[in-house]
Amino acid sequence: QVQLVESGGGLVRAGGSLRLSCAVSGNIRRINDMSWYRQAPGRQRELVAAITSGHSTNYADSVKGRFTISRDGNKNTMYLQMNSLKPEDTAVYYCTADIISGVNGVFWGRGTQVTVSS
């Protein structure tokens, strides 16, 4: 019923930029907190950025000043603008959303690959 679909990943050289999108669909009553996570090969999944329904934001120290998280409530869409990308940003990026619907819970997308070459 509820689906999250990421887009915007790809291959970029160090110093470049990408903008990720996460589209949420389904019979949704309300979306509370939303987040971006990433997981690199051989590494644990880590929180990159989070945004509340009131648009308060938090960032991992490693991306502060480079990444910006935002959301558009009318479109049920979340974004992650990534600037000054580094090779260590290479990972699969996942969006999550805490959703109030017929089945409440935290839902995950399937991920989008971001690869930064040096």
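The values are calculated or read from the model by the stated rules, or taken from the named source; none is laboratory data. The structure displayed is predicted, hence computed values, not measured ones. Cβ placement follows ideal geometry from the backbone for every residue including glycine, while neighbour counts extend to all protein chains displayed. Ligands, DNA and RNA are excluded from the accessible area calculation, which covers all protein heavy atoms including side chains. Shrake-Rupley method; radii C 1.70, N 1.55, O 1.52, S 1.80 Å.
Per-structure values
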quantity: Counted residues, the range 29-75 - those being aliphatic (A, V, I, L, M), in a strand (DSSP E or B) and open to solvent by less than 30 Å² (accessible area, probe 1.4 Å); calculated: 7
quantity: Qualifying residues in the range 77-116 (those that are outside any strand (DSSP E or B), open to solvent by 60 Å² or more (accessible area, probe 1.4 Å) and more than 22 Å from Lys64 (Cα to Cα)) - the one modelled with the highest pLDDT; calculated: Arg110
quantity: Where Arg19 falls short, out of the listed (1) open to solvent by 30 Å² or more (accessible area, probe 1.4 Å); (2) modelled with pLDDT under 95; calculated: (2)
quantity: Lone qualifier among Asn58, Asn83 - being of a type outside the set (Lys, Arg), in contact with a Lys or Arg (Cβ under 6 Å, 6 or more places away or on another chain) and farther than 24 Å from Asn27 by Cα; calculated: Asn83
